[in-house]
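The values are calculated or read from the model by the stated rules, or taken from the named source; none is laboratory data. It should be emphasised that the depicted structure is a prediction, and the values quoted were computed from it without experimental measurement. All Cβ positions, glycine included, derive from the backbone under ideal geometry; neighbour counts span all protein chains shown.
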Amino acid sequence: MPILALDQLSKSFGAVKVADQVSFALESGEALGVIGPNGAGKSTLFNLITGNIRVDSGTIRLDGVDVTRQPPMARCLAGIGRTFQIPQPFEKLTVFENLLVAAAFGSSKAERDVSDRCADILVETGLYPKANQPAGTLGLLQRKRLELARALATDPKILLLDEIAGGLTEGECKELVETIRAIHRRGVSIIWVEHVLHALTSVVSRLVVLHFGRVIGIGDHDTIMASKQVREIYLGIEV
């Protein structure tokens, strides 16, 4: 049984259909990439999975349980964690305090009961030396790391990464990919939306291609990149 199954998800805003019968499954321990041009519906897909946007039709099952109508908080507690394209930490709080807030929120536990786990996450994400630094003073790579750390602090079964490599230098991207790869190796299931393809394909085993809210391809990297339709739509190459 897949850890996450989407079945015929659809969502429209007026005449604009942002999700059009989207169906795919994520196996436990799998890393799955989602690609597509701007406006393809990638971030909307994440908002549907987390409950920030309600579906018009279709079902979302987490570990076999229908969570389609559950609110975002319930889905977070059930094991869905995510990052956002633009990190927005609590800038006046320290890095460690940011994690404490996320961990307490994501587990409904007291801060004293999650502090050890937060310290472990700081080590895992390379933020331990910055633990007592105000989040607002961090550079872009460290803010991305903090965004990742806050998502991990909710103790997710599934980690949704929304263009977390965007804006980084080649060296910074490589560092962050190594961290994400290590997180995946310890068993966290991942869905990663990303435009930086070489970063994405160094972690994920399959790709889902979205175009105007529809899934136009699912498969391994070589199969997807060899697709005439994908190359014309996503890469803008006339084949």
(request) Could you tell me whether the range 106-116 includes any residue that is in the same structural domain as residue 144 (by TED's automatic domain parsing) and touching a Leu at 6+ places or on another chain (Cβ under 6 Å)? (result) yes
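Taking the range 182-201, which residues are exposed (fewer than 14 other Cβ atoms within 10 Å of the Cβ) and assigned to a helix (DSSP H, G or I)? Walk me through how you get there before you give the answer.
As a first pass, look at the range 182-201 and keep what is exposed (fewer than 14 other Cβ atoms within 10 Å of the Cβ): 182, 185-187, 198.
Within the range 182-201, 182, 185, 198 qualify.
Kindly provide the set of residues from the range 26-61 that are of a type in the set (A, V, I, L, M, F, W, C) and over 15 Å from the mean Cα position of the chain (by Cα), ordered by number.
Residues of the range 26-61 of a type in the set (A, V, I, L, M, F, W, C): 26, 31-32, 34-35, 40, 45-46, 48-49, 53, 55, 60.
Hits for the range 26-61 are 40, 53, 55, 60.
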(message) For residue 108, only one of the following conditions fails: (1) under 30 Å from residue 9 (Cα atoms); (2) at pLDDT 95 or above; (3) of a type outside the set (D, E, K, R). What is its number?
(response) (2)
(message) Among the residues that make up the range 202-211, is at least one of them in a helix (DSSP H, G or I), assigned by TED's automatic domain parsing to the domain that holds residue 43 and either over 28 Å from residue 138 (Cα atoms) or free of Cβ contacts under 8 Å to residues at least 40 places away in the same chain (or both)?
(response) no
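Among the candidates 138, 197, which residue alone is in contact (Cβ under 8 Å) with a residue 40 or more places away in the chain and touching a strand residue (DSSP E or B) at 6+ places or on another chain (Cβ under 8 Å)? Outline the logic, then answer.
Details: 138 fails: touching a strand residue (DSSP E or B) at 6+ places or on another chain (Cβ under 8 Å).
After ruling out the rest, the residue left standing is 197.
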(request) Enumerate the strands (runs of 3 or more DSSP E) found wholly within the range 1-110, keeping only those where 2 or more residues are surrounded by fewer than 19 Cβ atoms within 10 Å (Cβ to Cβ). (result) 4-13, 16-26, 57-62
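Yes or no, residue by residue, for (1) assigned by TED's automatic domain parsing to the domain that holds residue 189; (2) at pLDDT 95 or above; (3) in contact with a Cys (Cβ under 6 Å, 6 or more places away or on another chain); (4) within 27 Å of residue 220 (Cβ to Cβ):
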site: 13; (1), (2), (3), (4): yes, no, no, no
site: 21; (1), (2), (3), (4): yes, yes, no, yes
site: 25; (1), (2), (3), (4): yes, yes, no, yes
site: 30; (1), (2), (3), (4): yes, yes, no, yes
site: 57; (1), (2), (3), (4): yes, yes, no, no
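Scan the range 139-154 and give yes if some residue there is more than 22 Å from the chain's Cα centre (by Cα) and either among the charged types (D, E, K, R) or on the phi > 0 side of the Ramachandran plot (or both), otherwise no. Explain how you work it out, then say what you get.
Start the filter on the range 139-154 by keeping residues that are more than 22 Å from the chain's Cα centre (by Cα), which leaves none.
Checked the range 139-154: no residue is more than 22 Å from the chain's Cα centre (by Cα) and either among the charged types (D, E, K, R) or on the phi > 0 side of the Ramachandran plot (or both).
Out of 109, 17, report the one residue that is of a type outside the set (Phe, Trp, Tyr) and in contact with a Gly (Cβ under 7 Å, 6 or more places away or on another chain).
Working: 109 fails: in contact with a Gly (Cβ under 7 Å, 6 or more places away or on another chain).
Being of a type outside the set (Phe, Trp, Tyr) and in contact with a Gly (Cβ under 7 Å, 6 or more places away or on another chain) holds for just one of 109, 17, which is 17.
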(message) So in the range 120-179, with the set limited to residues that are basic (Lys, Arg) and assigned to a helix (DSSP H, G or I), which one is surrounded by the fewest Cβ atoms within 10 Å (Cβ to Cβ)?
(response) 174
